[in-house]
Amino acid sequence: MQNPYLPYPVRIDDIEIATEDKSLKTFKFVFLNKEDEEKFSYRAGQFGELSIPGKGEIPIGIASSPVEKGFVMFTVNKAGLVTTHLHNMKVGDVMGIRGPLGNWYPWERLEGKNILIVGGGFAFTTLRSSIVYMLDPANRSKFGTIDVVYGARNPGMLLYKNELIEWEKRDDINMHITVDGTNDPDWKYNIGFVPPVTEAKAPKGDENTYAIVCGPPIMIKFTQPVLEKLGYTHDKIIMSLENRMKCGFGMCGRCGIGKELVCKDGPVFTLDQLNRTPREY
Amino acid sequence: MKVIKIDKKHWAGGIEKSRSAYRLFGPVMVENKNFSEFKELDAGEMPDMTATDTRTSPKSICFPPEEVMMEYSTDETRDDCNLMRVPAKDYSPRAIIGIRPYDAAAYLVVKKNFDTPEYRDPYWCDAYAACTFIGLAVNDPSRLDFSTSTHSGPFDEIGLDVLLVDMGSHYFAKVITDKGDAYLKAAGWEEFAGDDAEQKIEALKVKAEGAIQTTISFDRIKEKSIMELHGADFWDDAAFACINCGTCTYVCPTCWCFDIQDETRGKSGVRIKAWDSCMYPLFTIHTTGHNPRETKIQRVRQRFMHKLKYFMDKYEDGIMCVGCGRCIRSCPVNIDIRRVCQTMNG
């Protein structure tokens with residue numbers, strides 16, 4: 001068994017500013033050793049520890065999709081020491097990645113089901129990974145209808161805008177993009193917060209429909225009653241948590257919520273599971 | 001089971017002899033202080049077998065307060081700039097002399113965290129594999145010892161390779177594993193203890209167990225749900241006096257939480273693993289400032305719930321406490337895990 005603390009060396013291959021306020025950037029990394037890419041084989045919903053010698057490590061959801069090969073992608077909000085340093089790094093710089101870590105959205109259970117994705121702000125990274133995975137020609141037939149409600153403060157704060165527009169044009173995914181507000185007269189999508197847009201546009205919950213919800217606490221707080229009203233039972237509502245982490249694989253102890261560790265037993269939990277867990281996240 | 005007799009006249013010579021094959025660790029009185037600590041013994045230094053208890057536990061032998069995990073250089077002129085490498089480590093055989101049975105039992109508790117089917121902490125696991133535990137039975141338990149209620153006890157053999165019993169002029173050495181046998185041979189102790197040795201040990205064991213003054217029960221904690229205990233109304237009282245100093249977590253033989261930090265000087269640095277504590281707000285604070293365990297009560301609850309409930313539910317194998325009593329002795333405000341356990345079990 002290899003040393004789980006030792007990061008794989010990677011090179012920054014591409015950096016893109018992800019939001020108009022430049023608080024988020026999307027980094028593409030390539031592995032210095034080709035065999036490490038194989039070892040980093042992941043599922044949509046997992047995360048990695050981005051590791052910068054001298055600064056530390058930061059757990060970030062994997063934004064690229066298992067069906068995209070040759071690189072891994074992370075969209076990172078500039079917030080603390082490590083992420084601020086990362087934002088100042090340049091293409092070609094070498095750093096490390098550990099992972100993949102944590103569990104993933106329950107893809108086996110989700111096969112044959114209708115999927116509703118509800119995302120807000122910059123918590124759209126592993127959701128993007130999931131959408132790209134489901135839309136892959138090899139996978140699309142495994143799922144029923146796919147609906148996506150995704151909202152941000154304004155159009156400039158939406159992540160992956162080019163892809164959102166591409167998905168809008170497809171008939172095998174129902175996109176419900178929304179912004180809190182905009183002064184763009186040509187904005188042709190929704191205006192409004194995520195919960196009411198979900199209420200108006202999302203499919204009803206039933207035995208065959210699952211909702212994956214990822215967003216800021218305030219969005220989750222008001223989306224939950226909407227989903228309940230639509231008929232989603234708590235075992236059909238899937239969420240991804242964040243907590244302060246260090247090791248990322250269940251040893252350092254800080255991300256515990258009851259007997260579960262967000263890093264190893266999560267970050268993906270059903271609402272049903274979370275109801276039986278102290279809300280220490 | 002084989003029992004060896006070690007005349008105390010042959011003790012120092014045997015210890016000395018074993019140094020050629022083992023790094024030795026043992027309890028040593030700290031100079032000018034009235035407590036002892038486990039440490040690696042220097043040349044000629046003997047373990048203090050009269051030490052009643054060490055202030056902190058011997059968990060540090062495999063889990064040092066600070067340990068370098070990796071080294072790196074940030075010098076861009078070097079080929080290995082920003083690449084982490086694991087420094088060479090000494091995992092040659094170590095003998096832990098005079099470890100108390102509850103501290104050996106604690107190693108098996110901590111092992112559950114560091115040695116799992118999915119992940120293995122190589123630093124802890126490799127150090128642990130190098131250890132031979134030469135335990136010393138507790139003939140006179142302290143008034144804070146409640147190890148008999150925690151699947152351990154003053155003469156318990158779990159986690160040990162040899163159990164030494166102080167018989168006055170000599171030790172009896174009960175050989176528990178092949179590893180233990182190998183150590184005794186390396187020390188040159190091979191005198192058969194006689195047919196009645198086990199009986200004599202048993203008599204002392206019964207006496208020692210009988211001398212333990214307090215017990216705890218957690219049978220009803222097991223039946224209660226996590227949410228019921230977490231939401232109970234006694235946590236305010238339990239945490240009232242706590243000053244969140246973290247001493248309990250540092251002296252505890254089963255507390256394993258740690259931090260990972262980078263320390264850089266100039267262009268070279270190390271990534272270290274360092275003891276951390278759930279008593280500190282920094283342990284859980286998010287970059288946003290949000291802290292899921294912001295208040296003292298939440299943190300005190302976390303410590304006791306982890307030890308007495310979450311661990312039990314997760315591993316279905318007792319509690320995360322071996323009854324050594326160190327946290328009770330060291331707590332500056334007299335918080336007593338026995339009392340908290342009783343309340344939770346109520």
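Since every read-out is calculated from the coordinates, none of them should be taken as a lab result. Just so it is clear, the model here is predicted, and its values are computed rather than measured. Glycine also receives a Cβ, built like all others from the backbone with ideal geometry; neighbour counts cover every protein chain displayed.
Counting only other chain Cβ atoms within 10 Å of each residue's Cβ, the peptide B:303-311 averages 2.
Checked against a 28 Å cut-off, the cross-linked pairs A:Lys264/B:Lys309; B:Lys174/B:Lys273; A:Lys188/A:Lys236; B:Lys39/B:Lys112; B:Lys2/B:Lys207; A:Lys22/A:Lys113 give Cα-Cα distances beyond that limit for B:Lys174/B:Lys273; A:Lys188/A:Lys236; A:Lys22/A:Lys113.
In this structure, B:Asp196 and B:Arg220 have a Cβ-Cβ separation that, at R0 = 51 Å, corresponds to a calculated FRET efficiency of about 0.75. Cα centroid separation, segment B:109-174 to segment A:9-24: 51 Å. Summary value for segment B:245-332: 29 percent relative contact order, contacts being C-alpha pairs under 8 angstrom separated by 6+ residues. Assuming charge only on the beta carbon of Lys and Arg (+1) and of Asp and Glu (-1), the dipole of segment B:29-95 about its Cα centre is about 320 debye to the nearest 20.
Sparsely packed loop sites in segment B:78-113 (the chymotrypsin sites (Phe, Trp or Tyr not before Pro) outside DSSP H, G, I, E and B with at most 12 other Cβ atoms within 10 Å) do not occur. A simple packing score, the average count of other Cβ atoms within 10 Å per residue, orders the peptides A:245-255, A:218-228, B:10-20 as A:245-255, A:218-228, B:10-20, with the highest score first. Magnitude of the charge dipole for the protein assembly as shown, about its Cα centre and with charges confined to Cβ atoms of Lys, Arg (+1) and Asp, Glu (-1), is about 720 debye. When chain B is described by a simple charge dipole with +1 on each Lys and Arg Cβ and -1 on each Asp and Glu Cβ, the residue from B:Gly180, B:Thr150, B:Phe114 located farthest towards its positive end is B:Thr150. Ellipsoid fit via the Cα gyration tensor, segment A:107-240: semi-axes of 22, 18, 12 Å, each the root of five times an eigenvalue, largest first.
Within chain A, what percent of beta bridges assigned by DSSP are antiparallel, to the nearest 5?
Looking only at bridges with both residues in chain A, the antiparallel portion is about 60 percent.
Under the criterion of Cα pairs below 8 Å and six or more residues apart, the relative contact order for segment A:8-100 equals 38 percent. Peptides B:275-285, B:322-332 ranked from most to least packed by the mean count of surrounding Cβ atoms within 10 Å: B:322-332, B:275-285. In terms of packing, defined here as the mean over residues of other Cβ atoms within 10 angstrom, the peptides B:61-74, A:256-269 line up highest first as A:256-269, B:61-74.
Against the empirical 2.2 N^0.38 Å (N residues), segment B:219-345 has a Cα radius of gyration ratio of 1.16. When DSSP beta bridges are restricted to pairs lying wholly in the protein assembly as shown, around 65% turn out antiparallel. By the beta carbon rule, with partners counted only under 4.7 Å, chain B holds these lone Cys residues: B:Cys62, B:Cys81, B:Cys125, B:Cys131, B:Cys242, B:Cys245, B:Cys257, B:Cys278, B:Cys321, B:Cys324, B:Cys331, B:Cys341.
For peptide A:244-251, the mean count of partner chain Cβ atoms within 10 Å of a residue's Cβ comes to 6. Taking every full run of DSSP H in chain B, none both stretches at least 30 Å from end to end by Cα along its long axis and averages 1.6 or higher on the Kyte-Doolittle scale. The orientation-averaged projected area of the convex hull spanned by the Cα atoms of chain A comes to 14.6 nm². Using the Cβ-Cβ distance between B:Asp140 and A:Leu81 with R0 set to 60 Å, the FRET efficiency works out to roughly 0.70. Per-residue Karplus couplings for segment A:27-39, computed as 6.51 cos²θ - 1.76 cosθ + 1.60 with θ equal to phi - 60°, are listed in order as 10, 9, 10, 10, 6, 5, 10, 3, 5, 5, 4, 4, 5 Hz, Gly and Pro entered as x. Any chance you could tell me what percent of the C-alpha pair distances in segment A:8-100 go past 20 Å? Summing the P(r) tail past 20 Å for segment A:8-100 gives 26 percent. For the pair segment A:211-281 / segment A:160-175, the C-alpha centres are spaced 27 Å from each other. From the alpha carbon centroid of segment A:117-136 to that of segment B:39-73 is 49 Å. Shielding by partners for peptide B:286-297, expressed as the average number of C-beta atoms from other protein chains within 10 Å of each residue's C-beta, is 4. Take the Cβ atoms of A:Ile191 and A:Lys22, set R0 to 25 Å, and the FRET efficiency comes out at 0.55.
Compute, for segment A:8-100, the length of the dipole vector about the Cα centre, with Cβ point charges of +1 (Lys, Arg) and -1 (Asp, Glu) only. Units Debye, rounded to 20.
120 debye
Projecting the Cα atoms of B:Phe234, B:Gly44, A:Asn208 onto the charge dipole of the protein assembly as shown, computed from C-beta unit charges around the Cα centre, puts B:Phe234 farthest toward the positive end. Among A:Trp107, B:Trp256, sorting on how many other beta-carbon atoms sit within 10 Å of each Cβ, with the fewest leading, yields A:Trp107, B:Trp256. In the protein assembly as shown, helices alone account for a calculated mean residue ellipticity at 222 nm of -7000 deg cm²/dmol, with every DSSP H run of four or more residues adding -39,500 (n - 2.57).
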